[in-house]
Amino acid sequence: MSDFFGDEPEQPRPAPVRHERRRSPLILTLVVMAALLIGFSLFAGIWTDKLWYSSIGYGHVFSTLIWTKVGMFVVFGLLMGLIVGGNLWLAYRLRPVFRPNSAEQANLDRYREVINPLRRILLISASIVFAVFAGASATGQWRTYLLWQHRQSFGQKDAYFHKDIGFYVFTLPWLHWLVDFFMTAFVIGLVAAVFVHYVYGGIRLQARVDKVSGPAQAQISVVLGLLVLLKAVDYYLDRFDLTSAGGGLVTGMTYSRQHAVLPSKNILIAIAVICAILFFVNVYRRTWMLPGVGLALFALSAVLIGMIWPAMVQKFQVKPDEPDKESSYIAKNITATRDAYGLTDTQITPYDAKTTLKASDVVNSKSIPGVRLLDPGEVRDAFEQLQQQKAYYTVQPVLDVDHYKVDGTSRDMVVAAREINVDGLPAAQKKWANLHTVYTHGYGMIAAYGNQRDEQNKEVATTTNGGQPVFAEQSLPPSGVLTSLTNGGYRGQIYFGDNSPSYSIVGKAKGGKDVELDIPQNNTSVGTAQTSTYEGKDGVKVGSEFRKLLYAVKFGEPNFLLSSRVHADSKLLYNRSPRVRVQKVAPWLTVDKTSLPAVVNGRIVWILDGYTTTDKFANSQKRSLRDMTSDAISPRPTYATQPTDDINYMRNAVKATVDAYDGTVTLYEWDDTDPILKAWESVFPDVVKSRQSIPKELLDHFRYPEDMYKVQRNILAEYHVTNPKTFYEATDRWEVPADPDQTATTQPPYRLSVEREPGGDPVYSLTSVYSPANKSNLTAFMSVGADAADTSTYGKFQILRLPDNTQFQGPGNIANQFSTDPKVAAVLRNFKTGTDASVRYGNLLTLPVDGGLLYVQPLYTVRETGSGKYPVLLRVLASYGKDVGIGTTLSDAIRNIGQSTGDTVGTDEGPTTTPPDNGETPGTTTFDLLTQADAKFKEADAALKKGDLAAYAQRVAEARTLVDQALAAEPKPKTTKKN
């Protein structure tokens, strides 16, 4: 080192005249201040994260994450700094003492004059810069490192290398990253060394002989040898990557990969080792001929053996006989894929669906009461308008489906949490204090019977309730079935939800007043709003001046320091989305995009599902998670903690809950056989509770996860075939049909209770249908038991395959039949002529009933103009076989199947109905009533603009009454008897 820090022996030169230039203190001050601000901002972000994790009882998760990242930053930053700095130092030390005079060296003298006084700073700076970049890059590999450190055995070996699957999932990614890191470090070190040798004369490009000095040649040879040796290790690891390679007929090993790519990797390993030895020998022989020939041979082999040979084998040996050559590889891919996605035991059941109708059998089927008529995607506006209470409340964009026991019977319900929505406040009220200290939480649950029946299980006609949902839980304070099930009510405050403000400051000073709005004033009675103060577990104490400053920087809000609402007893609530909270507590999970609000043990909790995934499961098919879970309701969903979008293994490892009041996050082990979950449980002990600790009341609301089901239905569309020959020929491939309303996206799965066998009791399930590839007809119906409390059906798939010799209509065909049916058109004319109402088709449900297939679709109408509009259930459409029925209830629609719009049509049911033929213009009376209703709605809009809420409510009620009268005034069909 003394040589490096000492001056090199050169001829003395006249000292240059230095003109001292005084640096501006202002610029220096600004630079220092900018550095301090950036540093404090980074510190504020890290320290507030620590405070947040500690506030919810997961401080050890933060400490594990931060110390792992710090450790990797330091270790790999030092390694990079040592490799780069060591090469720079060694290159300078090995510089030639005497350099022959030449034009090239004369030009380089000027650079050496600039570098020499700064060489210590440049060496240290370059090493630090590369070390920081390397360390920062290494911190992003904390998952890879921790999984390798806590690796587990899968208990099964792959079919080709006979290694445990855990090697591919846990060990191989880490080894690959290490090799890539050191190759990058030595490449940078080599470039740095070559630069120093060139500047100081160790490399003379314009010299005729001895272009590279002996010491320079020795250093470069060693570094190149190490690089080629690392490439040999990389080739060795690449062999195992063939089990998860994509781009071929299937993911994983194929004929050409085993018989061409794998041998080529072995040959290239040998060539690389020989080439590395030649470079090491070059340290003593000091000639570039042998290593140059070796390197050229290595490059040529990489092209000929590594690329051209496998392509030739594929083209001339595999393609002409591909079905036979690839058969065994397809079979192993099928086995591995079904195992990796949890589909090993899935079987197909032939379903010889009947196409003839006997309405009485269908109406009396046990499945009919469980048919969900409320479309969660359509009735959101109805929930908001009828149960929102105030504009600053809202519900989720797409409502969810749960089930509760009512009078001993499980009932499907469309549910929503009434969350706070500060965007709904008038502009005058959007003050900082209001937004962050008054409007802090939502209140209560909203639930409606999914099948439009009341609590006595009596079918409700749309003409008697105006097509509005039949609410099982409603109003403020909440009342209804959910309240009665909790023996006196549940805690209604919702501080944590998807629509919660970014942050709220809660807690009152000693002797102070409650300022948080709890239940608003009732518009129809005299009174004041009810206020409260948050008393939950979560919340960072933010009373000290230091913490006020930290959060003022974090949120960019000076009011933390200025407002009297932030005092010694204040708590700060943030990171309030249930999905975000679970992701932060368990950043190794991929969290399902949906979160279900449920009332459990007197509290509202959000229920979520967490997945473990990998793209390294040997020979399993690799696909895009976003593509597989995309549908008409959630196109292209995002998964924040997902390190890669391509996966070939997935498990519903964890069920999670988030308390809507105090934000408590609880993770429960669900798939206790998952090795990836076991590895993470070893990394973060005591974060995931055992499956046995799940309360019975909570288990009743656990459901089969939606994203998991979407992935599995995507895989089964192709991998229901287990015969390699049929799989290759692709003669039996299925696809999820397009949604009838959004043909560019697939139809979403639906939650409803369906029969597992003809005449059997309905089972709460997730359902979907399949069409043959590139066809519109129906080929199969698939459901999976979705009630976690029912161990006999939960997670068990049923695929009912329809006979190939009979044509069954798919969702698109049925939707077209519904929209063009004369009976449906006759009804719709009454609601389209002369009104501003539009018609919407709800979710098209397909379900097995009475040994056949029943199609059901709710029909909604909604006004196009004005405020206070929401969809109402107008009619129910049904189809069984080739005919369509329409009615005010599902039973009416089923009985109406097979009837025409004109003369009497006989069925085996006896009396039937047919619309009148009296010569009158259809809808005259209905039109008048709807016109009056429209006028009332406009009066309601005017009253709302004036702020007269009482008049607004009265006009809306009057309008609804007129709509009901219009529906009831529709011409009644005549009754005839069968011929």
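The values are calculated or read from the model by the stated rules, or taken from the named source; none is laboratory data. What you see is a predicted model, and the numbers here were worked out from it, not measured in a lab. Methodologically, a virtual Cβ is constructed for each residue, glycine included, from the backbone with ideal geometry; neighbour enumeration extends over all protein chains shown.
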Task: Residue list for segment 730-753, restricted to those being buried (at least 21 other Cβ atoms within 10 Å of the Cβ) and touching a helix residue (DSSP H, G or I) at 6+ places or on another chain (Cβ under 7 Å) - done: 734, 736, 737, 740, 747, 749, 752, 753
Open item on the list: Just the residues that are touching a residue at least 60 places away in the same chain (Cβ under 8 Å) and in a helix (DSSP H, G or I), please, taken from segment 532-548.
Closed with: 547
- [ ] Report whether or not residue 869 is within 27 Å of residue 776 (Cα to Cα), of a type in the set (Lys, Arg) and modelled with pLDDT under 85.
- [x] no
- [ ] Quick one: which residue in 700, 707, 761, 686 is in contact with a helix residue (DSSP H, G or I) (Cβ under 6 Å, 6 or more places away or on another chain) and either in contact (Cβ under 8 Å) with a residue 24 or more places away in the chain or not aromatic (Phe, Trp, Tyr) (or both)?
- [x] 707
Task: Selection status of residue 136, under 22 Å from residue 224 (Cβ atoms) and of a type in the set (A, V, I, L, M, F, W, C) - done: no
Task: The one condition in (1) modelled with pLDDT under 95; (2) buried (at least 22 other Cβ atoms within 10 Å of the Cβ); (3) not β-branched (Val, Ile, Thr) that residue 253 fails to fulfil - done: (1)
Task: Selection status of residue 767, within 28 Å of residue 378 (Cα to Cα), touching a Phe, Trp or Tyr at 6+ places or on another chain (Cβ under 6 Å) and in contact (Cβ under 8 Å) with a residue 60 or more places away in the chain - done: yes
Open item on the list: Restricting to segment 240-250, and then to whatever is touching a residue at least 24 places away in the same chain (Cβ under 8 Å) and of a type outside the set (A, V, I, L, M, F, W, C), can you tell me which residue is surrounded by the fewest Cβ atoms within 10 Å (Cβ to Cβ)?
Closed with: 246
Task: Scope segment 612-641; condition among the charged types (D, E, K, R), under 13 Å from the mean Cα position of the chain (by Cα) and not in a loop (DSSP other than H, G, I, E, B); matching residues - done: 626, 627
Task: Complete set of residues in segment 694-731 that are in contact with a strand residue (DSSP E or B) (Cβ under 8 Å, 6 or more places away or on another chain), closer than 22 Å to residue 772 by Cα and among the charged types (D, E, K, R) - done: 713, 718
TODO: Please verify whether segment 592-605 includes one or more residues that are more than 30 Å from residue 708 (Cα to Cα), touching a residue at least 12 places away in the same chain (Cβ under 8 Å), aliphatic (A, V, I, L, M) and surrounded by 16 or more Cβ atoms within 10 Å (Cβ to Cβ).
DONE: no
Task: Count of segment 378-399 residues which are in contact with a Gly (Cβ under 8 Å, 6 or more places away or on another chain) and in contact (Cβ under 8 Å) with a residue 60 or more places away in the chain - done: 5
Open item on the list: It is to be established whether one or more residues within segment 79-102 are over 29 Å from the mean Cα position of the chain (by Cα), closer than 30 Å to residue 553 by Cβ and either at pLDDT 95 or above or not small (Gly, Ala, Ser) (or both).
Closed with: no
Open item on the list: Tally up the residues in segment 158-199 that are assigned to a loop (DSSP other than H, G, I, E, B) and either crowded, with 21+ Cβ neighbours inside 10 Å or aliphatic (A, V, I, L, M) (or both), please.
Closed with: 2
Open item on the list: Filter segment 715-729 down to the residues that are buried (at least 18 other Cβ atoms within 10 Å of the Cβ) and over 18 Å from residue 799 (Cβ atoms) and list them by number.
Closed with: 724
Open item on the list: Can you find a residue that is under 41 Å from the mean Cα position of the chain (by Cα) and within 27 Å of residue 237 (Cβ to Cβ) anywhere in segment 112-131?
Closed with: yes
- [ ] Can you confirm whether segment 828-838 contains a residue that is in contact with a Ser or Thr (Cβ under 8 Å, 6 or more places away or on another chain), at pLDDT 85 or above and among the aliphatic types (A, V, I, L, M)?
- [x] no
Task: Residue count for segment 405-422, restricted to those that are modelled with pLDDT of 90 or more and not β-branched (Val, Ile, Thr) - done: 6
Task: In segment 657-670, the residues that are crowded, with 19+ Cβ neighbours inside 10 Å and outside any strand (DSSP E or B) - done: 660, 661, 662, 663, 670
- [ ] Given the conditions (1) in contact with a Lys or Arg (Cβ under 8 Å, 6 or more places away or on another chain); (2) closer than 29 Å to residue 715 by Cα; (3) part of a loop (DSSP other than H, G, I, E, B), report the number of the one that residue 676 does not fulfil.
- [x] (3)
Task: Scope segment 861-882; condition within 30 Å of residue 958 (Cβ to Cβ), touching a Ser or Thr at 6+ places or on another chain (Cβ under 9 Å) and assigned to a strand (DSSP E or B); matching residues - done: 861, 862, 863, 872, 873, 874, 875, 876
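Is at least one residue of segment 558-565 within 20 Å of residue 496 (Cβ to Cβ) and in contact with a strand residue (DSSP E or B) (Cβ under 7 Å, 6 or more places away or on another chain)?
There is no residue in segment 558-565 that is within 20 Å of residue 496 (Cβ to Cβ) and in contact with a strand residue (DSSP E or B) (Cβ under 7 Å, 6 or more places away or on another chain).
Regarding residue 397, is this residue touching a helix residue (DSSP H, G or I) at 6+ places or on another chain (Cβ under 8 Å) and exposed (fewer than 14 other Cβ atoms within 10 Å of the Cβ)?
Working: touching a helix residue (DSSP H, G or I) at 6+ places or on another chain (Cβ under 8 Å): yes; exposed (fewer than 14 other Cβ atoms within 10 Å of the Cβ): yes.
Yes, satisfied.
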TODO: Please find, within segment 38-89, the residue that is nearest to residue 145 (Cα to Cα) out of those that are among the hydroxyl-bearing types (Ser, Thr, Tyr) and touching a Leu at 6+ places or on another chain (Cβ under 7 Å).
DONE: 68
